[in-house]
Amino acid sequence: MTDTTTTPGTPHTPGAPHTPGTPHTPGTRRTSARPTTTAAPRTTARARVVSLGRAELTLLVRNKAALTYALLLPGSLTLSMTTFTSDIDLDKAGLSLATLVLPGSLGLALILAVYMNLVGVYVIRREELVLKRLRAGELTDPEILAGAALPAVLMGLVQCVLMVAAVGPSLDAPMPKAPHLAVLGVAAGLALMVALAAATAVYTKTAESAQLTPMPVMLVSMLASGLFVPLDVMPDRVAAVCAWAPMTPVIDLLRAGWTGGMGAGEVLKALATAAAWTALAGWTVRRRFPWEPRR
């Protein structure tokens with residue numbers, strides 16, 4: 001026969017062993033200590049893009065060659081194009097030298113400061129495995145591309161302001177008759193140049209070839225988009241083809257900002273054409289962009 005005893009004043013459940021020497025207070029339960037973990041706060045997409053853009057801007061400022069190239073080349077090319085356009089019959093196009101060259105200089109700034117510069121940024125960061133490491137973190141693919149493009153977009157905006165401040169007074173340019181169209185042109189051009197830069201990086205294998213692969217888009221934009229040669233002075237068939245070039249709607253919007261000669265239907269057509277090219281470039285990036293070096 002087993003004798004079961006309990007300490008006076010201590011409740012005892014029948015059938016449950018009692019461990020001697022372990023104090024127990026009536027009405028209380030023993031709780032095991034569990035380690036508490038505090039989850040790190042999640043950052044917003046805007047904060048992540050700005051943080052990555054700040055890092056890219058630091059690298060851009062340290063790269064004196066790229067910074068000088070992007071800031072000085074558009075101005076020097078604009079001066080050379082001014083002498084070239086003196087032989088064009090501007091009266092046929094309803095333009096003056098100022099309303100031809102000034103919008104063209106803005107388009108040139110977008111091409112050189114944003115597109116040409118950004119192709120190299122995407123390719124170099126991919127070759128250095130930076131993009132691959134960023135994908136292992138919290139950043140999404142669009143955020144990585146947007147963050148890397150942020151300094152180039154900022155530089156493009158600064159360059160446009162400098163062009164208006166420098167080229168406008170030197171050519172005695174009139175005040176914009178429809179400034180909202182010029183703003184739309186700059187916004188559409190920035191989005192298009194970023195998308196085309198990422199799409200061009202798809203077909204660029206090395207950092208060295210990044211100096212060559214953007215040339216076709218650059219030449220087509222300079223020669224066939226009305227940058228410094230208006231479509232109105234081109235043969236009709238040539239002008240009809242050039243009207244569908246990627247930068248043509250952007251230049252049309254920029255030029256209409258000073259001349260004001262663009263109806264609502266033409267504005268919608270220009271925006272739709274620019275959006276179609278941007279969407280096509282974005283689709284190419286989403287389907288084929290390589291995030292690792294192409295060996």
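Data overview
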{"read-out": "Which of Arg255, Arg54 is most accessible, then next, and so on - probe 1.4 Å", "value": "Arg54, Arg255"}
{"read-out": "Pairwise label distance in nanometres, Thr44 with Leu97, each label 7 Å out on the Cα-Cβ vector", "value": "4.9"}
{"read-out": "Set of lysines near Lys132 by C-alpha distance (under 21 Å), chain-local residues within fewer than 8 positions excluded", "value": "Lys205"}
{"read-out": "Efficiency of FRET from Cβ geometry, Arg287 and Val61, R₀ 45 Å, rounded to 0.05", "value": "0.85"}
{"read-out": "Percentage relative contact order, the chain, counting C-alpha pairs under 8 Å, at least six apart", "value": "24"}
{"read-out": "Probe 1.4 Å, accessible area per residue of the stretch 71-178, Å²", "value": "44"}
{"read-out": "Choice from Ser105, Ser209, Ser221 with maximal GNM fluctuation in the chain (Cα, 10 Å cutoff)", "value": "Ser209"}
{"read-out": "The stretch 110-150 - percent of accessible surface contributed by carbon and sulfur, probe 1.4 Å", "value": "62"}
{"read-out": "Nearest-0.05 FRET efficiency for Lys269 and Val233, computed from C-beta distance (R0 22 Å)", "value": "0.60"}
{"read-out": "Highest-MSF residue in the chain out of Ala165, Ala279, Ala146 [GNM, Cα springs under 10 Å]", "value": "Ala165"}
{"read-out": "Three-way shape label, the chain, alpha-carbon gyration tensor, a/c 1.5", "value": "prolate"}
{"read-out": "FRET efficiency, Thr83 to Val183 (Cβ-Cβ, R0 22 Å, nearest 0.05)", "value": "0.15"}
{"read-out": "The stretch 273-295-the stretch 222-250 distance, computed between alpha-carbon centres (Å)", "value": "24"}
{"read-out": "Exposed-loop-free span, longest in the chain, where GluC sites (Glu not before Pro) count as exposed if DSSP calls them loop and at most 12 other C-beta atoms lie within 10 Å", "value": "1-127"}
{"read-out": "Choice from Pro103, Pro174, Pro235 with maximal GNM fluctuation in the chain (Cα, 10 Å cutoff)", "value": "Pro235"}
{"read-out": "Full-extension gain in nm, Leu223 to Lys132, via 0.36 nm per residue minus C-alpha separation", "value": "29.1 nm"}
{"read-out": "Calculated [θ] (222 nm, deg cm²/dmol) that DSSP helices of n ≥ 4 give over the chain, each run adding -39,500 (n - 2.57)", "value": "-20000 deg cm²/dmol"}
{"read-out": "Nearest 10 degrees, 0 to 90: helix 97-109 Cα axis against the chain principal axis", "value": "30"}
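The values are calculated or read from the model by the stated rules, or taken from the named source; none is laboratory data. Note that the structure is predicted; figures quoted are calculated from it, not measured. Every residue, glycine among them, receives a Cβ derived from its backbone with ideal geometry; neighbour counts consider all protein chains shown. With ligands, DNA and RNA removed, areas are computed over all heavy atoms of the protein, side chains included. Shrake-Rupley method; radii C 1.70, N 1.55, O 1.52, S 1.80 Å.
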